[in-house]
Amino acid sequence: MLFEVTADELDPGRVAEHVRRDDAGAIALFYGVVRDHNRGRRVMHLEYDAYPEMATKVMRQIAAEVKERFGVAEIAIQHRTGRLEIGETSLLVAVSSAHRKEAFEACQALVDRFKETVPVWKKEVFEDGEEWVEGDH
Amino acid sequence: MSSAKVRLFAGLAELAGTREAEVELGEGLTAAGVFDVLVQRYPSLAGFEAIVRFAVNSAYVPASHPVRDGDEVALIPPVSGGSRAV
């Protein structure tokens with residue numbers, strides 16, 4: 001399993017290849033991408049902070065839970081930190097499984113759990129100010 | 001004297017003006033007690049105990065968790081990773 005928090009550009013090819021297995025007929029790959037607006041305000045860029053040691057540990061825990069619950073084969077997660085421009089990728093979640101249904105469902109469950117528990121924080125920078133986002137609402 | 005390292009992130013780090021602090025541990029000091037000590041040092045943190053979660057040595061713990069010599073205590077504001085696209 002691959003769990004990373006990095007200031008470098010994320011690598012979807014590497015994340016997807018990491019979960020490829022001969023007994024898995026499906027790979028689901030989710031991209032979280034920096035959007036140019038939120039709640040009617042124009043977002044200029046984002047900044048992500050993280051507690052990397054704990055974030056990778058919590059990623060490993062939620063991956064173990066999801067693997068058990070959906071019976072999927074392999075999981076990889078990468079999250080980026082620092083300043084991200086509009087259109088850049090902040091999060092990658094890849095899941096492989098024997099069949100596509102479990103891969104899609106497990107991928108969605110991982111993204112949901114990630115947002116609830118992994119110690120990563122997002123600051124939105126607007127034209128006229130900035131704010132740390134508290135939770136994902 | 002026993003002590004613990006405290007790590008701050010995101011808005012809390014900006015308010016305190018630091019990402020790390022050292023706290024001396026009195027008798028039976030809990031994670032919440034560590035936060036109280038920090039509020040005395042960085043008054044701008046006052047009031048945030050209502051929203052912060054605590055982690056000790058990279059695992060979430062209740063506010064009543066006792067802190068021991070050499071522990072790393074982290075103040076975890078509400079998390080917001082990923083994207084809003086989902």
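The values are calculated or read from the model by the stated rules, or taken from the named source; none is laboratory data. Remember, it's a predicted structure, so these values are computed and weren't measured experimentally. For neighbour counting, all protein chains shown are included, and Cβ atoms are generated from backbone atoms with ideal geometry for every residue, glycine included. Areas reflect the complete protein model, heavy atoms only, side chains present, ligands, DNA and RNA absent. Shrake-Rupley method; radii C 1.70, N 1.55, O 1.52, S 1.80 Å.
Looking at the stretch A:85-99, can you tell me whether even one residue there is more than 10 Å from chain B (Cβ to nearest Cβ), open to solvent by less than 20 Å² (accessible area, probe 1.4 Å) and in a helix (DSSP H, G or I)?
Restricting attention to the stretch A:85-99, the residues satisfying the condition of being more than 10 Å from chain B (Cβ to nearest Cβ) are A:85-88, A:92, A:94-99.
Remaining after also requiring open to solvent by less than 20 Å² (accessible area, probe 1.4 Å): A:92, A:94-97.
Checking which are in a helix (DSSP H, G or I) leaves us with none.
The answer is no; no qualifying residue exists.
Take B:Y60 and tell me if it is closer than 20 Å to A:K123 by Cβ and among the hydroxyl-bearing types (S, T, Y). Explain how you work it out, then say what you get.
Working: closer than 20 Å to A:K123 by Cβ: no; among the hydroxyl-bearing types (S, T, Y): yes.
For B:Y60, the condition - closer than 20 Å to A:K123 by Cβ and among the hydroxyl-bearing types (S, T, Y) - is not met.
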Within the stretch A:13-39, restricting to residues that are outside any strand (DSSP E or B) and either within 13 Å of chain B (Cβ to nearest Cβ) or among the basic types (K, R) (or both), the one that is farthest from B:V79 (Cα to Cα) is A:R21
So how many residues does the stretch A:56-84 have that are within 11 Å of another protein chain (Cβ to nearest Cβ) and open to solvent by less than 60 Å² (accessible area, probe 1.4 Å)? 8
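Find the strands (runs of 3 or more DSSP E) located wholly in chain B whose residues include 2 or more that are without any contact (Cβ under 8 Å) to a residue 24 or more places away in the chain and at negative phi, and list them. Let's see the steps before the verdict.
Working: elements: B:3-7, B:20-24, B:53-56, B:59-61, B:72-76.
Of the strands (runs of 3 or more DSSP E) lying wholly inside chain B, those with at least 2 residues that are without any contact (Cβ under 8 Å) to a residue 24 or more places away in the chain and at negative phi span B:20-24, B:53-56, B:59-61.
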Could you tell me which residue of the stretch B:56-80 is farthest from the other protein chains (Cβ to nearest Cβ), considering only residues that are touching a helix residue (DSSP H, G or I) at 6+ places or on another chain (Cβ under 6 Å) and closer than 21 Å to A:H79 by Cα? B:L75
What are the pairs, 6+ residues apart or on separate chains, where a residue within the stretch A:45-58 that is farther than 22 Å from B:D71 by Cβ and in a strand (DSSP E or B) has its Cβ under 7 Å from a residue that is aliphatic (A, V, I, L, M) and open to solvent by less than 10 Å² (accessible area, probe 1.4 Å)? A:H45/A:L84; A:L46/A:V34; A:L46/A:L84; A:Y48/A:L84; A:Y48/A:V120
The condition from (1) under 26 Å from B:P77 (Cα atoms); (2) of a type outside the set (A, V, I, L, M, F, W, C); (3) in contact with a Phe, Trp or Tyr (Cβ under 7 Å, 6 or more places away or on another chain) that A:E105 misses is numbered (1)
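Anything in the stretch A:42-54 that is surrounded by 14 or more Cβ atoms within 10 Å (Cβ to Cβ) and either more than 8 Å from chain B (Cβ to nearest Cβ) or in contact with a Lys or Arg (Cβ under 6 Å, 6 or more places away or on another chain) (or both)? List them, or say none.
We begin by selecting, within the stretch A:42-54, every residue surrounded by 14 or more Cβ atoms within 10 Å (Cβ to Cβ); these are A:43-54.
If the condition is that a residue be surrounded by 14 or more Cβ atoms within 10 Å (Cβ to Cβ) and either more than 8 Å from chain B (Cβ to nearest Cβ) or in contact with a Lys or Arg (Cβ under 6 Å, 6 or more places away or on another chain) (or both), then A:V43, A:M44, A:H45, A:L46, A:E47, A:Y48, A:P52 are the ones that fit.
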Residue set A:V72, A:V15, A:V34; condition of a type in the set (A, V, I, L, M, F, W, C), touching an Asp or Glu at 6+ places or on another chain (Cβ under 7 Å) and either over 27 Å from B:R53 (Cβ atoms) or modelled with pLDDT under 95 (or both); output residue A:V72
Matching entry among B:S44, B:S2, B:S64 (being open to solvent by 60 Å² or more (accessible area, probe 1.4 Å), of a type in the set (S, T, N, Q) and farther than 30 Å from A:V33 by Cβ): B:S64
